[in-house]
Amino acid sequence: MILSKPSFESDDSVHSTFASRYVRTSLPRFEMPENSIPKEAAYQIINDELMLDGNPRLNLASFVTTWMEPECDKLMMASINKNYVDMDEYPVTTELQNRCVNIIARLFNAPLKEEETAIGVGTVGSSEAIMLAGLAFKRNWQNKRKAEGKPYDKPNIVTGANVQVCWEKFANYFEVELKEVKLSEGYYVMDPIKAVEIVDENTICVAAILGSTLNGEFEDVKLLNDLLIEKNKQTGWDTPIHVDAASGGFIAPFIYPELEWDFRLPLVKSINVSGHKYGLVYAGIGWVIWRTKQDLPEELIFHINYLGADQPTFTLNFSKGSSQVIAQYYQLIRLGYEGYRNVMENCRENAIVLRKGLEKTGRFNIISKDEGIPLVAFSLKDNSLHNEFEVSETLRRFGWIVPAYTMPAEVQHVTVLRVVIREDFSRTLAERLVSDIIKVLHELDKLPARLNAKMVEVEENNLMINNNNNNNNVKKTEIEVQRAIADFWKKYVLARKASAC
């Protein structure tokens, strides 16, 4: 007779994850667990929760690269354990970073001799790059003011109201006044004439955007340069220009080579660009390039020797991964000028396909421009019953992540949907997106008006009450009502996101 003995304490390793006790308990959210769990269970549980994230390839809100070749993925994984800052230990990685700086500087027409080394550095993105460039401008301005015996405690920087939030961070963190040129309806980038008008002796630089995040449009850096040269002659100042080419820096050289925006213009002293956008690398790499060595104050560069050799460093952080630097070099030599041009032309053509498909519906106004970043920004011609936020929300059911947002102050009554065309967004996907947008419009047409119409009714009721209380016939304009509706929807969307967290 064979006798069996029941086991009350079984080995977890013999069970599948879903047959184990680890899927019956909630994972801790605020404190480290007391006991370990098997690696298979940890992987499966986290992987399952991540399935609830959106699909990065269908995230049309983002400019950041979401696809790279498998060969580049292998290079990145092979170097994922290298700390970029250990330059003496990883000299080849450091050399690859320097090669990237030199290649990008010449792409931007830096005034370099054949064997001359460019001045620049890799960063974790354009935000850090902008901080570094801004610090260089501030220190140069302060040094000059000190030498002239003039006050140097009230620096300012001139930008358009369409700048990315990192410029506001720079101004806040480093105590620089941010002087913004207001936008106007139909003109959603910085006006160079208005920008130069507000430049004064305390302006450390004027920041121009090569590719606004709002509608993809390139600002007129050439006109800004010419106007600023004239003002500098009249005043004796030497106010420089920084170009924020986070998105456009890897686009303009390939499909708009005749456009003058870079170091060909004498007042452009530094340029930042995001390698993880149209530089075609995964998130985590940016670049800042200076025109000459004199444009980067020596006192901002630190020299360290406790890692084995003297190492100059100018960054806001210290340790960071090497993978993205290596991936950037891979893309530069793998694609070359021809490959980048083909990618950017494909993006532009697919943006045109999407734009024409939207125009064909007769339901949208196109806000984006033909020349600029390959994206399509558009708004509903009639949003009295259903608006752009509802279109965005309904598209989620089809898997698409298409953001809806209001424009900055002065034009905040304008609401926009935006689709960013990246390398991995094919013509087939563009046509499919148009088809799904048409389905969404048909669905919304069949539904009763939601909060938009209710908001109009509330606004009209409030208006009547105010008129009765004030005994006057003042009536809100259509734009004022639209601003109130846009403000309501902004709060509504934020409240929904907060409740989902």
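Please tell me if residue 81 is surrounded by fewer than 21 Cβ atoms within 10 Å (Cβ to Cβ) and not in a helix (DSSP H, G or I).
Working: surrounded by fewer than 21 Cβ atoms within 10 Å (Cβ to Cβ): yes; not in a helix (DSSP H, G or I): yes.
So residue 81 fits the description; yes.
For the range 169-182, how many residues meet the condition of being farther than 18 Å from residue 139 by Cα and open to solvent by 50 Å² or more (accessible area, probe 1.4 Å)?
Looking only at the range 169-182, we keep the residues that are farther than 18 Å from residue 139 by Cα, and these are 179-182.
With the extra rule that they be open to solvent by 50 Å² or more (accessible area, probe 1.4 Å), the set shrinks to 180, 182.
Going through the range 169-182 one residue at a time, the tally reaches 2.
Please pick out the residue among 379, 384 that is surrounded by fewer than 22 Cβ atoms within 10 Å (Cβ to Cβ), of a type outside the set (Lys, Arg) and under 21 Å from residue 356 (Cβ atoms).
Values: 384 fails: under 21 Å from residue 356 (Cβ atoms).
The conditions single out 379.
Of the residues 113, 74, only one is open to solvent by 70 Å² or more (accessible area, probe 1.4 Å), without any contact (Cβ under 8 Å) to a residue 12 or more places away in the chain and part of a helix (DSSP H, G or I); which?
Details: 113 fails: part of a helix (DSSP H, G or I).
Exactly one residue qualifies, and that residue is 74.
Of 221, 199, 243, 163, which residue is open to solvent by less than 40 Å² (accessible area, probe 1.4 Å) and modelled with pLDDT under 95?
Residue meeting the stated conditions: 163.
Taking the condition of being open to solvent by 50 Å² or more (accessible area, probe 1.4 Å) and among the aliphatic types (A, V, I, L, M), how many residues in the range 45-71 meet it? Don't jump to the end; show me each part of the working.
Filtering the range 45-71 down to residues open to solvent by 50 Å² or more (accessible area, probe 1.4 Å) leaves 46-47, 49-53, 55-57, 67, 70-71.
Narrowing further to those that are among the aliphatic types (A, V, I, L, M): 46, 50-52.
The total comes to 4.
Which one of the conditions (1) open to solvent by 10 Å² or more (accessible area, probe 1.4 Å); (2) in contact with a Lys or Arg (Cβ under 9 Å, 6 or more places away or on another chain) does residue 290 fail to meet, given that it meets all the rest?
So the condition that residue 290 fails would be (1).
For residue 392, indicate whether it is in a helix (DSSP H, G or I), modelled with pLDDT of 90 or more and in contact with a Pro (Cβ under 8 Å, 6 or more places away or on another chain). Don't jump to the end; show me each part of the working.
Values: in a helix (DSSP H, G or I): yes; modelled with pLDDT of 90 or more: yes; in contact with a Pro (Cβ under 8 Å, 6 or more places away or on another chain): yes.
The answer is yes for residue 392.
In this structure, is residue 39 over 30 Å from residue 419 (Cβ atoms), of a type outside the set (Asp, Glu) and open to solvent by 100 Å² or more (accessible area, probe 1.4 Å)?
On the way: over 30 Å from residue 419 (Cβ atoms): yes; of a type outside the set (Asp, Glu): yes; open to solvent by 100 Å² or more (accessible area, probe 1.4 Å): yes.
Here the answer is yes, as residue 39 does meet what is asked.
Look at the range 197-248 and say how many of its residues are charged (D, E, K, R), outside any strand (DSSP E or B) and within 30 Å of residue 343 (Cα to Cα).
Of the range 197-248, the ones charged (D, E, K, R) are 197, 200-201, 217, 219-220, 222, 226, 230-231, 233, 238, 244.
Still in the running and outside any strand (DSSP E or B): 197, 200-201, 219-220, 222, 226, 230-231, 233, 238.
Filter once more, so that each one left must be within 30 Å of residue 343 (Cα to Cα): 219-220, 222.
Adding up the residues that qualify gives 3.
Mind listing whichever residues of the range 116-143 are open to solvent by 40 Å² or more (accessible area, probe 1.4 Å), farther than 15 Å from residue 296 by Cβ and assigned to a helix (DSSP H, G or I)?
Passing the criteria: only 127.
Restricting to the range 423-453, what's the tally of residues that are closer than 23 Å to residue 68 by Cα, outside any helix (DSSP H, G or I) and open to solvent by 10 Å² or more (accessible area, probe 1.4 Å)?
Here the count works out to 3.
Hey, can you tell me all the residues within the range 341-363 that are among the hydrophobic types (A, V, I, L, M, F, W, C) and either open to solvent by 70 Å² or more (accessible area, probe 1.4 Å) or without any contact (Cβ under 8 Å) to a residue 24 or more places away in the chain (or both)?
Let us first name the residues in the range 341-363 that are among the hydrophobic types (A, V, I, L, M, F, W, C), namely 343-344, 347, 351-354, 358.
Residue satisfying the conditions is 352 alone.
If you check residue 47 against the conditions, is it polar (S, T, N, Q), over 30 Å from residue 405 (Cα atoms) and at pLDDT 95 or above? Full working, then the answer.
Numbers: polar (S, T, N, Q): yes; over 30 Å from residue 405 (Cα atoms): yes; at pLDDT 95 or above: no.
No, not satisfied.
The values are calculated or read from the model by the stated rules, or taken from the named source; none is laboratory data. Since the structure is predicted, the reported quantities are computational estimates derived from the model, not experimental observations. Virtual Cβ from ideal backbone geometry, glycine too; neighbours counted across all protein chains shown. What goes into the accessible areas is simple: the full protein's heavy atoms, side chains included, and nothing from ligands, DNA or RNA. Shrake-Rupley method; radii C 1.70, N 1.55, O 1.52, S 1.80 Å.
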